[in-house]
Amino acid sequence: MKGLILAAGKGSRLRPLTENKPKVLVKVKGRPLIEHIIKDLRSLGIKDISIVKGYMGDVLEDRLKKYRGLEFIEQDQQLGTAHAIGLSSFESPFVAVNGDVFMHRKNIEASVSEFKKDGADVVVGSFRVENPSEFGVLETEGKNVKNLVEKPESPKSNLINTGVYVFSSEIYRYIEKTELSSRGEYEITDSIRLMLEDGKNIKHTEFEEYWIDVGRHSDLERAREIECVE
């Protein structure tokens, strides 16, 4: 299995920390966010990792040059997660992770395990939050994903999309069909909905360990306060 880390974002809400580096290089527990993800992927035996870079990509690549086996993919325009994932070209299943999340490695492990045991086309990592309208919200039946709605005004659940996925190579065909959203981006949630419409097997794994989307300074403080990262 391969790995893909999405690391092209600017991190405007984390300024001034991101004025001279991409947000995935903001440190938590002594190392940048993205290095936690690289470490976790490799602990699961995922050695071949591609990183989608964009904002201050040269700074990112220079920081990560100590890691062998990394491939960097340039996203020239910020056109959304589906566009970023579509820049890769894996022929076998792969894990895709947003580079600005801080979480326990067992969350990725659980997603990979679910994908392998159930013959899924996609596994979406999920997590329960108090503010689901700020995220993509999953509508589920057991392990099956029935719908995925981006930032709904009236969420039907508090189970949200974590930005951690396991994909079969089928995803590329649906990314090609994905249209621009109202935000002017190609959303991976739209690609997954197209798969649902075609009857594809979309599962979710509810994370039992900590997971934080580090988008704001308050999120960063919460991540830094977590006592155990293993």
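Just to be sure, is L60 under 21 Å from D219 (Cα atoms) and surrounded by 14 or more Cβ atoms within 10 Å (Cβ to Cβ)? Criteria not met by L60. Tell me, which residue of region 109-150 that is within 20 Å of M195 (Cβ to Cβ) and in a loop (DSSP other than H, G, I, E, B) is modelled with the lowest pLDDT? It comes out as G119.
Limited to region 5-19, what total is found for residues that are within 15 Å of K53 (Cα to Cα) and surrounded by fewer than 21 Cβ atoms within 10 Å (Cβ to Cβ)? Please lay out each step first, then the result.
Here is the first cut: in region 5-19, the ones within 15 Å of K53 (Cα to Cα) are 5-11, 18.
Narrowing the set further to residues that are surrounded by fewer than 21 Cβ atoms within 10 Å (Cβ to Cβ) leaves 10, 18.
Here the count works out to 2.
Looking only at region 63-86, filter to residues that are in contact (Cβ under 8 Å) with a residue 60 or more places away in the chain and not polar (S, T, N, Q); which one of those is surrounded by the fewest Cβ atoms within 10 Å (Cβ to Cβ)? Taking the candidates together, the pick is L79.
Scan I51, I85, I46, I73 and give me the residue that is closer than 25 Å to I175 by Cα and touching a Ser or Thr at 6+ places or on another chain (Cβ under 7 Å).
Values: I51 fails: touching a Ser or Thr at 6+ places or on another chain (Cβ under 7 Å); I85 fails: touching a Ser or Thr at 6+ places or on another chain (Cβ under 7 Å); I46 fails: touching a Ser or Thr at 6+ places or on another chain (Cβ under 7 Å).
Going through I51, I85, I46, I73 in turn, the sole match is I73.
Considering (1) β-branched (V, I, T); (2) under 14 Å from the mean Cα position of the chain (by Cα); (3) farther than 13 Å from R105 by Cβ, the lone condition that V28 does not fulfil carries the number (2). When you go through S157, S169 one by one, which is the residue that is closer than 27 Å to L33 by Cα and touching a Pro at 6+ places or on another chain (Cβ under 9 Å)? Selected residue: S169, the only one of S157, S169 that is closer than 27 Å to L33 by Cα and touching a Pro at 6+ places or on another chain (Cβ under 9 Å).
Scanning region 111-139 for residues that are among the hydroxyl-bearing types (S, T, Y) and crowded, with 22+ Cβ neighbours inside 10 Å yields S111, S126. If you go through region 97-121 and keep only what is in contact with a helix residue (DSSP H, G or I) (Cβ under 6 Å, 6 or more places away or on another chain) and either more than 27 Å from S181 (Cβ to Cβ) or of a type in the set (A, V, I, L, M, F, W, C) (or both), you end up with V97, F102, R105, I108. The criterion of being within 16 Å of F102 (Cα to Cα), touching a Lys or Arg at 6+ places or on another chain (Cβ under 9 Å) and in contact (Cβ under 8 Å) with a residue 24 or more places away in the chain holds for K23. Somewhere in region 140-161, is a residue crowded, with 21+ Cβ neighbours inside 10 Å, touching a residue at least 40 places away in the same chain (Cβ under 8 Å) and under 14 Å from the mean Cα position of the chain (by Cα)? Taking every residue of region 140-161 in turn, none turns out to be crowded, with 21+ Cβ neighbours inside 10 Å, touching a residue at least 40 places away in the same chain (Cβ under 8 Å) and under 14 Å from the mean Cα position of the chain (by Cα).
State all residues of region 40-54 that are within 17 Å of the chain's Cα centre (by Cα) and either touching a residue at least 12 places away in the same chain (Cβ under 8 Å) or under 12 Å from A8 (Cβ atoms) (or both); if no residue qualifies, say none.
Filtering region 40-54 down to residues within 17 Å of the chain's Cα centre (by Cα) leaves 40-42, 44, 46, 48-54.
Across region 40-54, the qualifying residues are D40, L41, L44, I46, D48, I49, S50, I51, V52, K53, G54.
In the set E134, E153, only one residue is more than 20 Å from K200 (Cβ to Cβ), touching a helix residue (DSSP H, G or I) at 6+ places or on another chain (Cβ under 7 Å) and among the acidic types (D, E); that residue is E153. Does region 58-71 hold any residues that are more than 18 Å from the chain's Cα centre (by Cα) and closer than 16 Å to L4 by Cβ, and which are they? The answer is E61, L64, Y67, G69.
Pull up region 188-225, narrow it to residues that are in a loop (DSSP other than H, G, I, E, B) and either without any contact (Cβ under 8 Å) to a residue 60 or more places away in the chain or within 14 Å of the chain's Cα centre (by Cα) (or both), then point me to the one that is surrounded by the most Cβ atoms within 10 Å (Cβ to Cβ). Walk me through how you get there before you give the answer.
Just the residues of region 188-225 that are in a loop (DSSP other than H, G, I, E, B), to begin with: 198-201, 207-210, 214-216.
The next check asks that each one be either without any contact (Cβ under 8 Å) to a residue 60 or more places away in the chain or within 14 Å of the chain's Cα centre (by Cα) (or both); those that pass are 198-199, 207, 214-215.
Details: D198: 12, G199: 8, F207: 20, V214: 25, G215: 18.
Among those residues, the one meeting the criterion is V214.
The values are calculated or read from the model by the stated rules, or taken from the named source; none is laboratory data. Since the model is a prediction, treat every value here as computed from it, not as a measurement. Backbone-built Cβ (ideal geometry, glycine too); neighbour counts: all protein chains shown.
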